[in-house]
Amino acid sequence: MEFLNALVVLTNFVLVPAIAYGSQLALGALGVTLIYGILRFSNFAHGDTMAFGTMATILVTWWLQSLGLSLGPLPTALLALPVGILVCMALVLFTDRAVYRFYREQKAKPVILVIVSIGVMFVLNGLVRFVIGPGEQRFADGERFIITAREFRDWSGLSEGLALKTTQGITVVTAVIVVAALFWFLGRTRTGKSMRAYSDNEDLALLSGINPDRVVMVTWLIVAGLATIAGVLYGLDKTFKPFTYFQLLLPIFASAIVGGLGSPLGAIAGGFIIAFSEVTITYAWKKVLVYLLPDALEPSGLVQLLSTDYKFAVSFVILLIVLLFRPTGLFRGKSV
């Protein structure tokens, strides 16, 4: 029984949160890796693109709620999500036409596009704060839990309870569907194959008759969809605050680079590696060890390597290690 209680605590506070967080990072990292692999620059505005798409979804959610529309036990944000994706798509297409296309036509070096994306990042960050404000916005309505800790204790007879939030379940299910759809699109459709060919060899792709403008447009549309979905899932699971999405840029880039920048499969693996690293290193392991160790060996402290305030430092350290010893990442993406 002591082992089962320890397993429930571990699942409740480490495994389930890390899987949900890893799913969110994986979707965000997929957007970053697509931009790097196809358009060949690191898009530092990706975090604020997520914030913009999430903001649009929140505004539509509030409008739907004012009309009395909902999805019952599920968050109303899921009903507003398609509109948020369309608004974010319009934003990224406008940004590409107004900003990035000029530098692309000038054959600007990738570092120039990186600097330009930083400027776009600050503009988007200010726009989101101006529209929705700098404070926290909670928009997760409907049923809060799939199963509560009390219900689990009554069912299992254990002293520890397992609580599964509805948003965590939605995050995992949505991430699986989106990733499967993306890989099917890239591997089975003509447009997806064109994008992969353009990524592998731009000159050869152009000689083959592939339209580069179409590839760029489709890439931005996919990235906008991934950014909005990742941002909304993160906001539902935690909370929405514009500056938080700016901070998310570090673990998202760390996920993409650890897995292999330019590799979609690597972005998914990197997302879960970063998520599990952050959660396990900042978790206080005392409660788990109390169940597993004899009374004489019970720890007196929290057994916490780092405070949760330093969770992004974990991403930074992992990122540095990968850049120093394996810059191509685990799945041998493009060298950083």
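On the principal axes of its alpha carbon atoms, the stretch 81-149 extends 57, 24, 23 Å, with the longest extent given first.
In terms of its alpha-carbon gyration tensor, the stretch 1-152 comes out oblate; a/c meets the 1.5 threshold, while b/c is at least as large as a/b.
Could you do me a favour and compute the accessible area per residue for the chain, 1.4 Å probe, result in Å²? Spell out each step's value before the answer.
Values: 16150 Å² over 336 residues.
For the chain, the solvent-accessible area averages 48 Å² per residue.
Using C-alpha pairs below 8 Å separated by at least 6 residues, the relative contact order for the stretch 1-133 is 31 percent. Extents of the stretch 224-336, taken as max minus min of Cα coordinates on every principal axis and listed largest first, are 52, 35, 20 Å.
The slack in the chain from ALA313 to VAL176, taken as 0.36 nm per residue of separation less the alpha-carbon distance, amounts to 46.5 nm. Counting only Cβ charges, +1 for Lys and Arg and -1 for Asp and Glu, the dipole size of the chain around its Cα centre is about 920 debye.
Considering only TRP62, GLY135, CYS88, whose Cα is most displaced toward the positive end of the charge dipole of the chain, charges sitting on Cβ of Lys, Arg (+1) and Asp, Glu (-1)? So the residue furthest toward the plus end is CYS88.
For LEU93 and ILE147, the difference between the fully extended length at 0.36 nm per residue and the C-alpha to C-alpha distance is 15.3 nm. Cross-link pairs exceeding 28 Å between alpha carbons, from the set LYS165/LYS241; LYS193/LYS238; LYS109/LYS241; LYS109/LYS238; LYS286/LYS311; LYS241/LYS311: LYS193/LYS238; LYS109/LYS241; LYS109/LYS238. Relative to its residue count, the chain spans a Cα convex hull of 149 Å³ per residue.
Once backbone amide H atoms are built at 1.01 Å from N, LEU71 has THR76 as its partners under 5 Å, excluding neighbours fewer than 5 places away on the same chain. Remark: relative contact order (the stretch 47-192) = 24 percent; criterion is Cα-Cα distance under 8 angstrom and separation of 6 or more residues.
For a quick protection proxy, order the peptides 107-117, 156-166, 256-266, 30-40 by their average other-Cβ count within 10 Å, most packed first. Walk me through the numbers on the way to the answer.
Numbers: 107-117: 14.5, 156-166: 16.7, 256-266: 26.6, 30-40: 24.8.
Final packing ranking: 256-266, 30-40, 156-166, 107-117.
Taking 0.36 nm per residue of separation and subtracting the Cα-Cα distance, full extension of the segment from PHE3 to ASP213 would add 69.8 nm. Between the listed residues VAL173, LEU204, TYR234, the Cα displaced farthest toward the positive end of the dipole of the stretch 173-274, a dipole computed from Cβ unit charges relative to the Cα centre, is found at VAL173. Largest accessible area first, the listed residues TRP184, TRP155 line up as TRP155, TRP184 when surface is computed with a 1.4 Å probe on the assembled protein chains.
Can you give me the span-like helices of the chain, meaning DSSP H runs with 24 Å or more of Cα extent along the axis and Kyte-Doolittle mean at or above 1.6? Working shown, then result.
On the way: long enough: 16-34 (27 Å, 1.38); 46-66 (30 Å, 0.48); 77-95 (26 Å, 2.62); 110-132 (32 Å, 2.40); 166-188 (33 Å, 1.57); 212-237 (37 Å, 1.33); 264-282 (27 Å, 1.50).
Those that pass (Cα extent of 24 Å or more, hydropathy at least 1.6) are 77-95, 110-132.
Give the relative contact order (percent, whole number) for the chain; include only Cα pairs under 8 Å separated by 6+ residues. If you can, show how the numbers build up before the last one.
Working: 553 pairs, mean separation 104.5, N = 336.
Averaging sequence separation for qualifying contacts and normalising by length gives 31 percent for the chain.
The values are calculated or read from the model by the stated rules, or taken from the named source; none is laboratory data. Computed from a prediction, not measured in an experiment: that's the story for all the values here. Backbone-built Cβ (ideal geometry, glycine too); neighbour counts: all protein chains shown. Ligands, DNA and RNA are stripped out before the accessible areas are found, and what is left, the full protein with its side chains, is counted by its heavy atoms. Shrake-Rupley method; radii C 1.70, N 1.55, O 1.52, S 1.80 Å.
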